[in-house]
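Q: Input: one structure, supplied below.
The values are calculated or read from the model by the stated rules, or taken from the named source; none is laboratory data. Keep in mind the model is a prediction, meaning the values are calculated, not measured. Here the Cβ is made from the backbone with ideal geometry for all residues, glycine too, and neighbour counts use every protein chain on show. What goes into the accessible areas is simple: the full protein's heavy atoms, side chains included, and nothing from ligands, DNA or RNA. Shrake-Rupley method; radii C 1.70, N 1.55, O 1.52, S 1.80 Å.
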Amino acid sequence: MGRILKYRVLLLSALSLTGCMKYNINITVNKDMTSETSMELLVEDSFLEAMNMTSDELYESFEEEYLASDDLEDATVTQISDDNWSGVLITGLTLDDISTTISEEEIDNVDSIVVTIPIDDITGVIDFSSYGYSLEDLQEAGMEIVLNVTMPDGATSNIGEVNEETVTIDLLELMYSDNEEENIVISSAIPNNMILYIAIGAVALAVVIFIVLKRKRII
């Protein structure tokens, strides 16, 4: 997480406070424990004007920085431009890039997929308070830093808001909190396909019985 959050555009955004910025990190975990990770950075065009930067220049700076990194050589940078917002979508990230691990554990006698993210990798990245900014200052300026983790089944988490399979965590608030947890721990039961297989088998059997009975009536 540290390497992702440390990029200079995020720091410049915090220091300037000239416009809104939305920063989203999205992780989708599959039932086979593979995952897809992306991040999206959007800034108001008024911010770019204050920085004497165009949306194309913002995109080019990210493209150059990410594609030049050996750690992120598989990443893809796509330009975003929508209404009064400009930014980039970066896909092809791995969990190694954000210090996140996925493991299989037994929780309450249920085989589960567990996602673990060290909180120090978030809170230790940028100390906004050292620049004199409170959480309220950043929120009033329109800054948002959000982590979304989507699990293969109903999720549980020790931090954030859970909506069925998706956990949403306000990383900006987390940076300012006195949270005593060492890690963000998100879990989900490993989906059991046995019920689906039984249902499919039952339907197939019913079709066979129907065909057999129909043929007998014809005979």
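Q: Among the numbered criteria (1) assigned to a helix (DSSP H, G or I); (2) at positive phi, which one does GLY92 miss?
A: So the condition that GLY92 fails would be (1).
Q: Still on this structure: So ILE119 fits all but one of (1) under 21 Å from LEU95 (Cβ atoms); (2) open to solvent by 20 Å² or more (accessible area, probe 1.4 Å); what number is the exception?
A: (2)
Q: Just checking, which of ASP83, ASP32 is open to solvent by 80 Å² or more (accessible area, probe 1.4 Å) and modelled with pLDDT under 85?
A: Matching residue, one of ASP83, ASP32: ASP83.
Q: Does GLU63 count as modelled with pLDDT under 80, open to solvent by 30 Å² or more (accessible area, probe 1.4 Å) and out of contact with any helix residue (DSSP H, G or I) (no Cβ under 6 Å at 6 or more places or on another chain)?
A: yes
Q: Conditions: (1) open to solvent by less than 60 Å² (accessible area, probe 1.4 Å); (2) more than 27 Å from SER46 (Cα to Cα); (3) assigned to a strand (DSSP E or B). GLU106 meets all but one. Number of the miss?
A: If we test GLU106 against (1) open to solvent by less than 60 Å² (accessible area, probe 1.4 Å); (2) more than 27 Å from SER46 (Cα to Cα); (3) assigned to a strand (DSSP E or B), just (1) comes out false.
Q: On the basis of being under 19 Å from the mean Cα position of the chain (by Cα), among the aromatic types (Phe, Trp, Tyr) and either on the phi > 0 side of the Ramachandran plot or modelled with pLDDT of 75 or more (or both), does TYR23 make the cut?
A: yes
Q: Now, a different point. Tell me, yes or no, whether segment 171-185 has at least one residue that is more than 22 Å from the chain's Cα centre (by Cα), at pLDDT below 95 and open to solvent by 50 Å² or more (accessible area, probe 1.4 Å).
A: Looking for residues that are more than 22 Å from the chain's Cα centre (by Cα), at pLDDT below 95 and open to solvent by 50 Å² or more (accessible area, probe 1.4 Å), one finds at least one in segment 171-185, hence yes.
Q: Is it true that ASN163 is open to solvent by 60 Å² or more (accessible area, probe 1.4 Å), within 20 Å of LYS31 (Cα to Cα), among the polar types (S, T, N, Q) and modelled with pLDDT under 80?
A: no
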